[in-house]
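Notes for the one structure printed next.
Each value in this text was obtained by applying a stated rule to the coordinates, not by laboratory testing. Note that the structure is a prediction, hence the values are computed from the model and not measured. Neighbour counts run over all protein chains shown; Cβ positions are idealised from the backbone, glycine included.
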């Protein structure tokens, strides 16, 4: 046990009553509640069910991992989701990153208007984003499908990338770039060698966010998908018939991929600090 | 390229300078255009489509027919009111659930703060639809919650949760809780700990310190959290679809069906536009009530 002379917080320790533990226990209970559906999802990916219904646990099996791609429609949907997420991430990082740079560092006419649009887009409910885009496509008779989903995803990712990059750029020390320019670097070189490495964490965070938003999106996509099916749309569509265990397996794999990426970026950030 | 002013004192050529002054424009242009074409202009089309008349087979034409609005609002006002009520209940529930937790993590989390935050974000690595479906399964009539309770005869055998408002509100609260915890956490974490010490020195009880110092200073965080939960909850339709029944239909479900099943585009866009207008008015009224300074702080979070 601790000695009780050094400082006030230590001296208080022996007085801890049971009430001290209410908040930590409560916090852990809520954290468990937040993670409960994840446990259920992972567990039922190992469930040895016979039919399409995956409701009661009937024993451990790895067969769904072996037959991961046995359902053609589901595999195609996952492929669509993955390619759309990758394309949407690349394009929205390029466009949104530039927008974030412009908002964070440069002065231009209409800047206030652009930031207002960015803020309004983030605040607008997804339902309205989806239905207004659908109204545009309906009125102009544009057929909906893979490409309209991609357009929509880039649209809702741009503001998030712009905001993260802007925050990063605004916190930068501008004199470093000026020093590079004084030492004879062209603006392009100064950008590549000085600015880009410094705003990289913001760009990476924006990219992670875009990928997560895109691969998970249901609402906007459902209005603008036409006959094209993405992973969340397929799952939603088959919810009435019973969800095959492959959905749990794919959900588990996507979950692990996301967690590993996030953990890696946190650890990389920590290493840099040390 | 020839320089307009061959002056050695000017380190950067005027052409460069001019291009440099335009950098902001060309950096902002692609993003600004994309948002204009696929976010701002569609809003105009949403309004325009809501004023059209016609049907799916013969096509729609612009007639500036405003009565679609009164007609659809009177037809679906139950769902409208229900969405707002659910959103209020869910927002209050998330504040009550999230505040103690955010407080504890911010004040006593120590060096594990980022671990707790990562756990709060874990659900986002699972698709929204799959998460909600897991609740369908957890709350099912013979699932492991109700099945066990029924087995122990704690509830009647015909007791059910799915297709009731309770299930929908549970699902919504679950899905939007992280959006409340995070802004609350940020605003509590930014508090100066000396304020609490001062309160303690001046003989405030812990409860008084909480009510008179911590709570008022974290109003911007509560504001941000309310915005981030109320708006999406009021327009959500996935939870009502997967966990609810005929009596829990929300306005989002109506809009979804009108667009994609009934092809009644004017009615659907009129409802959509009304929903957006109602939420905007709500946000502005709320911002006015709280004062602009707090709103700017909340927006900066």
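Worth pointing out:
- Cα gyration tensor, the stretch B:19-123 - rounded (a/c under 1.5), prolate or oblate: oblate
- Applying 1/(1 + (r/R0)^6) with R0 = 30 Å to the Cβ-Cβ distance of residue A:79 and residue A:208 gives a FRET efficiency near 0.90.
- Alpha carbon centroid spacing (whole Å) that separates the stretch A:69-124 from the stretch B:22-44: 12 Å
- Highest mean packing first, where packing is the average number of other Cβ atoms within 10 Å per residue, the peptides A:223-231, B:49-57 line up as A:223-231, B:49-57.
- Per-residue shielding of A:135-146, expressed as the average number of other chain Cβ atoms within 10 Å of the residue Cβ, stands at 4.
- Simple spin-label estimate for residue B:219 and residue B:44 in nanometres, 7 Å along Cα-Cβ: 3.9 nm
- In angstrom, the C-alpha Rg and Dmax of chain A are 24.4, 78.
- One quarter of the convex hull surface built on the alpha carbon atoms of the protein assembly as shown amounts to 35.5 nm², the projected area averaged over directions.
- Each label point was placed 7 Å from the Cα along the Cα-to-Cβ direction; for residue B:92 and residue A:25 their separation is 2.7 nm.
- Of A:175, A:214, A:222, the one that fluctuates the most in a GNM where chain A has Cα springs shorter than 10 Å: A:175
- Theoretical gain in end-to-end length, residue B:73 to residue B:15 [0.36 nm per residue, Cα-Cα removed]: 15.0 nm
- Stretch gain in nm, segment residue A:32-residue A:107, where the contour uses 0.36 nm per residue and the Cα spacing is subtracted: 22.3 nm
- All Cα pairs of the stretch B:145-292, percent lying beyond 29 Å: 43 percent
- Kirkwood radius and radius of gyration were both taken over the C-alpha atoms of the stretch A:107-158, and their ratio Rg/Rh is 1.06.
- Inter-chain neighbour count for B:107-120: the average number of beta-carbon atoms from partner chains within 10 Å of each residue's beta-carbon is 2.
- For chain A, built as a Gaussian network whose Cα springs stay under 10 Å, the top-fluctuating residue of A:149, A:199, A:38: A:38
- Candidates A:205, A:102, A:179: whichever shows maximal mean-square fluctuation once chain A is modelled as a Gaussian network with Cα springs under 10 Å: A:179
- Between residue B:61 and residue A:56, the modelled labels are 6.2 nm apart [label points 7 Å from Cα along Cα→Cβ].
- The calculated FRET efficiency for the pair residue A:69 and residue B:144, based on their C-beta separation and a Förster distance of 35 Å, comes to about 0.70.
- Stokes-Einstein D in µm²/s, Kirkwood radius over Cα pairs - the stretch B:93-200 at 25 °C with 0.890 mPa s viscosity: 151 µm²/s
- As computed over chain B, the Cα convex hull volume per residue (Å³): 268 Å³
- Partner shielding of A:153-165 amounts to 2, given as the average count of beta-carbon atoms from other chains within 10 Å of each residue beta-carbon.
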